[in-house]
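J.: Here it is, the structure, as structure tokens.
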Amino acid sequence: MAKATLSISSKNYSSWSLRGWLLCKFAGLDFTEEMLPANDPSARAELLLLSPSFLVPCLKHSGSKVWDTLAIAEYLHETHPDAGLWPKDAIARAHCRSVSGEMHSGFANLRAALPMNIKAHYPNFKIWAGAQADIDRVLTIWKEALHKYKGPYLFGKTLTVADAMYAPVCSRFTTYGVDMNAECAAYVKRIMALPEMTEWIHGAKAEPEEMEELDAEF
């Protein structure tokens with residue numbers, strides 16, 4: 001069987017590429033990366049939030065071509081059911097799907113005001129009201145899940161789709177020095193220290209390309 005291929009854009013700037021990549025890693029899928037150039041229309045649309053529907057990341061596997069991140073999650077759940085990408089318990093699974101879907105379709109102010117930029121660090125970044133409301137909602141989601149399922153991850157001891165969906169938010173909170181309670185701060189550190197995240201961050205820091213639109217002087 002041919003190895004799977006995952007098309008991604010910048011590791012430094014692309015939150016959706018990170019989500020798809022983590023899902024493949026959490027599922028244990030054997031895959032190769034196909035890095036799209038910064039001038040690829042699909043890559044730029046995703047990075048600059050210029051399209052309501054993104055074609056990056058895109059997973060090609062066993063004749064299938066899957067490009068929406070939640071569709072990738074569902075596909076990997078079907079092909080790798082033992083990975084535990086969705087919780088086994090029906091109530092927990094519904095909860096996980098709900099918060100993952102909320103991340104997939106919401107938090108526009110957070111995305112726009114705090115763009116993903118792993119190389120950067122803005123410890124005194126000014127967060128305006130619109131983005132703060134999104135941040136507060138994310139922290140509420142995390143606190144509720146961590147309390148209900150007892151950690152160390154959002155839905156217990158296994159990394160799920162929800163952790164992949166919120167991992168770029170952990171990166172953003174680190175880049176912009178977002179204040180949060182101790183429990184959520186510990187979760188962010190836990191996610192950022194994952195071997196998969198360490199690998200991704202190493203790749204991001206090695207990227208030579210910079211995008212002026214995403215490297216604004218804050």
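J.: Antiparallel versus total DSSP beta bridges in the chain: what percent is that, nearest 5?
T.: 60
J.: Oh, and also: Taking GluC sites (Glu not before Pro) as candidate sites, keep only those in a DSSP loop with at most 15 other Cβ atoms within 10 Å, then name the longest stretch of the chain containing none of them.
T.: Excluding the exposed sites themselves, the longest stretch runs over 1-208.
J.: Report the residue, chosen from 97, 19, 172, that carries the largest GNM mean-square fluctuation when the chain is represented by alpha-carbon nodes joined by springs under 10 Å.
T.: 97
J.: For the pair residue 104/residue 40, report the inter-label distance in nm, with labels modelled 7 Å from Cα in the Cβ direction.
T.: 2.2
J.: Pairs to check: 25/148; 11/143; 25/189; 148/189. Give those whose C-alpha atoms are more than 22 Å from each other in this structure.
T.: Over 22 Å Cα-Cα: 25/148; 11/143.
All of the numbers you see were taken from the coordinates with simple rules; none came from a lab. None of the values given here were measured: they were computed from a predicted structure. Counting neighbours? That spans all protein chains shown, and the Cβs are built from the backbone with ideal geometry, glycine included.
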